[in-house]
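First comes the structure, then the notes that go with it.
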Amino acid sequence: MREWWIHVGLICIPLVAVYLHIPPPQLSAALQKWHGAGEVFHFRGREIFYRDSYGALGSSDVVILLHGFPTSSYDWNKIWDPLTQRFHRVIALDFLGFGFSEKPRPHRYSIFEQASVVEALAAHLGLSNQRVNLISHDYGDTVALELLYRSDQNRTGHLIFNSLCLSNGGLFPETHHPRLLQTILKDSSFLAPFLTRLTNFMIFQKGIGDVFGPYTQPTDAEFWDMWTGIRYNDGNLVMDSILQYINQRLKHRERWVGALTSTFVPLHMIYGPLDPVNPHPQFIRLYQKLVQRSTVTILDEHISHYPQLEDPTGFLNAYFNFIHSF
């Protein structure tokens, strides 16, 4: 009997130690460079990280990039330099709770608040009266739709859209298939605090790897950079709160899908068809049926949920063709 308790103790002690404190990974040289090139501004007392690069001379065009869950503005690193060669300003931010931005807890994260963060950044950068182009992905797609709704409803403080390019986001609850861990975290108030602490790099790598194509997997270094961005400022501990956006999409479907289907802003969709979260062909068929004014680029069949990372050249070609079409 005594030996049994000794074995339990030997197992429980390291588990408790892991649960209570897992030191975050150190920033890689690539992440240090990205972080060092950025700045912060304050939104309602919270620090928001952003990058603002000046690029093409002779152009006044501005593009703002909105990243997805659970990653950060670093998702755009492979297309950043080519965008600066085309646009006067290229801007990206880490949403509240993501990347290098502040990650308060407890906190009720919402798409509405993130849209207000983007509006506040635009005001901070003097862009409130300038037409801007938005590129969004995943979580960022829904933030973009809330911004589009505000713009088309003529609300004060909104962005003035020049164009909107969406990519692989769960726009329609009926064709969106979140991962199992996401479903558990968003719906289980009892288990979520334990799971967010116990989720480690191997679990994360398996989960995020499943939404990349088999021939376009991130390198080990890229996996670690994604995980480091999540662990920065204990971001893993707010994932369950952020994931409420899935429930918000369902609740506010009419508002956000309505904005998408009724707008006259130039729209484009860049889609990786191997995406298990927004599967082909159900997602793209519904998109083309409901959003008939939008143009669409379907990338090669092996491209999945992160097209800007899996096929940056294809993504850029599709986007520049769209921008030059109007």
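Compare the peptides 306-316, 137-147 by average per-residue count of other Cβ atoms within 10 angstrom and give them in order, highest first.
137-147, 306-316
Show me the ranking of peptides 116-128, 148-160, 35-47 by mean Cβ neighbours inside 10 Å, starting with the highest.
116-128, 148-160, 35-47
Given R₀ = 41 Å, what would the calculated FRET efficiency be for ALA56 paired with PHE112, taking r from the Cβ atoms and rounding to 0.05? The partial results should precede the final answer.
Details: r = 33 Å, r/R0 = 0.81.
It comes out at approximately 0.80.
Expressed as a whole percentage, what fraction of the accessible surface of the chain belongs to carbon and sulfur atoms when a 1.4 Å probe is rolled over the protein heavy atoms?
Details: 8400 of 15010 Å².
The C+S portion of the solvent-accessible surface of the chain is 56 percent.
Once both labels are modelled 7 Å past Cα along the beta-carbon direction, what's the SER189-ILE22 spacing in nm?
Simple spin-label model gives 2.5 nm for this pair.
Sum -39500 (n - 2.57) across every DSSP H segment of at least 4 residues in the chain, then divide by the residue count to get the 222 nm mean residue ellipticity, nearest 500.
Theoretical 222 nm ellipticity from helices: -13000 deg cm²/dmol.
When DSSP assigns beta bridges and you keep just the ones with both residues in the chain, what percent turn out antiparallel, to the nearest 5?
30 percent
If you plug each phi of the stretch 130-147 into the Karplus form 6.51 cos²θ - 1.76 cosθ + 1.60 with θ = phi - 60°, what whole-Hz ³J(HN,Hα) values come out, in order, with x for Gly and Pro?
10, 6, 10, 9, 10, 10, 9, 9, 6, 3, x, 4, 5, 4, 4, 5, 5, 5
Solvent-accessible area per residue for the chain at a 1.4 Å probe radius, Å²?
46 Å²
Calculate how many DSSP beta bridges within the stretch 10-139 are antiparallel, expressed in % of all such bridges and rounded to the nearest 5.
If we restrict to bridges inside the stretch 10-139, about 55 percent are antiparallel.
Using alpha-carbon pairs under 8 Å, 6+ residues apart, how would you state the relative contact order of the chain in percent?
Once divided by the residue count of the chain, the mean separation gives 19 percent.
What does the highest-first list of 216-227, 173-184 look like by mean Cβ count within 10 Å?
Top of the packing list down: 216-227, 173-184.
Any idea how far the Cα center of the stretch 90-152 sits from the one of the stretch 194-240, in Å?
22 Å
Given points 7 Å out from each Cα along the Cα-Cβ axis, report the ARG105 to ARG155 separation in nanometres with one decimal.
Going by the 7 Å Cα→Cβ label model, 2.8 nm.
Take ASP81 and HIS42, extend 7 Å from each Cα along the Cα→Cβ direction, and tell me the distance between the two endpoints in nm.
Result for the modelled spin labels: 3.7 nm.
Using only Cα atoms, what is the ratio of the radius of gyration of the stretch 25-324 to 2.2 N^0.38 Å?
Dividing the Cα Rg of the stretch 25-324 by 2.2 N^0.38 Å gives 0.92.
Run the count for the chain, please: Lys pairs, Cα-Cα under 25 angstrom, 8 or more apart or on different chains.
Lysine pairs meeting the criterion: 9.
The values are calculated or read from the model by the stated rules, or taken from the named source; none is laboratory data. Here the structure is a predicted model, which is why all the values come from computation and not from measurement. Methodologically, a virtual Cβ is constructed for each residue, glycine included, from the backbone with ideal geometry; neighbour enumeration extends over all protein chains shown. Surface accessibility is based on the protein's heavy atoms, side chains included, excluding ligands, DNA and RNA. Shrake-Rupley method; radii C 1.70, N 1.55, O 1.52, S 1.80 Å.
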